[in-house]
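Everything on this sheet refers to the single structure shown next.
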Amino acid sequence: MRKKIVAGNWKMNKNAEQTEDLLNELIEKMPTETDVQVIVAPTFVNLASAVDHLEFINIDVAAQNVHQAESGAYTGEISADMLKSVGVDIVILGHSERRAIFHETDALIASKVNTALEHDMTVIFCFGEELKDRQSKNHFNVVENQLRDGLFQIEAKDWDNIVLAYEPVWAIGTGETASPEQVQEMHEFIRETVRKAFGSDIAEDVSILYGGSVKPDNAKEIFSNPDVDGGLIGGAALKSDDFIAIVNAI
Ligand code: PEP
C-alpha cells in the first residue's frame, strides 16, 4: 500500500539537549489524527534517546546511514544490528551528501541497501541528478542509472521495505525548488522505471518522496501531484513549526 510520508533529515545538527527540545516541540504540535507516517532522523548519538522519547507518539526514528558489514574493524562505523538493537528500523541511504562528500558509489549504496534489507530495515533510498545533468538534458538517464545500479538488485519481496526519495541535487539546501511540473514529470518517470523492472503492483505501491528545499509555503503544491507521496525534508525539519506545517500540507 502506498503511504504518505514526511521524513526529516536532521543531518549533523542538534546536540542531545537540542534533540530533546525539538522532539518535545514535535510531540506537542503533532496532529492527533493523521494518515501521514512522520519520521525523524537525528544523529547517531541521539537515536536511542529519540526512540525512548517517542515511544508513545506516532513519530518514527530513522538513521542517516549504516555500514554494509555486519561487524568488525571499521572504526567509526555503525552496523544495522546496532541500529536495530536501539529500536531503529529505518535508514536513509544514498543521500547526495553521502554520495558527494563521502564518495559513496552506486555499488557501495547497493551493498548498504542489501545489508539493511537483510536486517528487515526500511530503506529511504535517495537519488537525483546534479544541475549539469539537467542542463544537458541527461537527468532521466542519471536517475534511471542510480536506481538500476543502487537499488534494482533487490528482490520483488523487498519492495515493501523501500521508500524512494527523489532529490535533485541542485535543489538541496539551496532554496531552489524543482517546479511542481518538474517534480511530477520525474516522479512519473521513476514509477514507470520501477514498473518496467518490477511490474505494476510494486510501482503503484511504492511511496516516492520529493526532497529539495521543501518549505511550508511550497509543500502543498508539490504534494498535490499524483505521483508525489510526501517529502524528505532537510532545513525545514529543524524547526518544529515548519516541519509540522509540511506534515499538515499533505
Ligand atoms: C535533504 O538534505 O534531504 C534536503 C531535502 O534538504 P533541504 O530540504 O534543506 O533542501
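Just so it is clear, none of the values below were taken in a lab; they were calculated from the coordinates. Worth saying up front: this structure is predicted, and the values here are computed from it rather than measured. We place every Cβ from the backbone using ideal geometry, glycine too, and count neighbours over all the protein chains shown.
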Problem set entry | Volume of the Cα convex hull of region 145-250, divided per residue and given in Å³ | 101 Å³
Exercise. Could you give the radius of gyration (one decimal) and Dmax (whole number) of the Cα atoms in the chain, in Å?
Worked result: 16.9, 49
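Can you give the translational diffusion coefficient of region 61-162 in µm²/s, computed by Stokes-Einstein from the Kirkwood radius over Cα pairs at 37 °C and 0.692 mPa s? If you can, show how the numbers build up before the last one.
Numbers: Rh = 14.1 Å.
This corresponds to a translational diffusion coefficient of 232 µm²/s.
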Seminar exercise, completed: Any residue on another chain or 5+ positions along whose placed amide H is under 5 Å from the amide H of residue 60 is listed here as 38, 39, 40
Exercise. Under a 5 Å amide H to amide H cut-off, with H placed in plane at 1.01 Å, what residues pair with residue 122 once short-range neighbours are removed?
Worked result: 90, 91
Exercise. If you look at just the Cα atoms of region 1-63, how large are its Rg and its Dmax in Å?
Worked result: 11.5, 37
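So what is the orientation-averaged projected area of region 192-234, using the convex hull of its C-alpha atoms, in nm²? Can you show the working numbers first?
Details: hull surface 13.0 nm².
Its average projected convex-hull area is 3.2 nm².
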Exercise. Points 7 angstrom from Cα along the Cβ direction at residue 17 and residue 192: gap in nanometres?
Worked result: 5.4 nm
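Given only helices, namely DSSP H runs of n ≥ 4 each adding -39500 (n - 2.57), what is the per-residue ellipticity at 222 nm of the chain, to the nearest 500 deg cm²/dmol? Mind showing how you got there, number by number?
Values: 11 runs with 105 residues, N = 250.
After summing the helix terms and dividing by the residues of the chain, the value is -12000 deg cm²/dmol.
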Exercise. How are the C-alpha pair distances of region 107-196 spread across 5 Å bins, as whole percents from the shortest bin up?
Worked result: 3, 13, 24, 24, 17, 12, 6, 1
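How would you order 149-160, 33-44 from highest to lowest mean count of nearby Cβ atoms within 10 Å? If you can, show how the numbers build up before the last one.
Values: 149-160: 15.8, 33-44: 19.0.
The densest-packed peptide leads the list: 33-44, 149-160.
Is there a pair in 29/215; 84/220; 112/196; 14/132; 29/157; 11/215 whose C-alpha atoms are over 26 Å apart, and which pairs would that be?
Values: 29/215 17 Å; 84/220 34 Å; 112/196 24 Å; 14/132 32 Å; 29/157 36 Å; 11/215 17 Å.
Table pairs above 26 Å Cα-Cα are 84/220; 14/132; 29/157.
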Exercise. When the Cα atoms of region 149-200 are enclosed in a convex hull and the volume is divided per residue, what value in Å³ results?
Worked result: 98 Å³
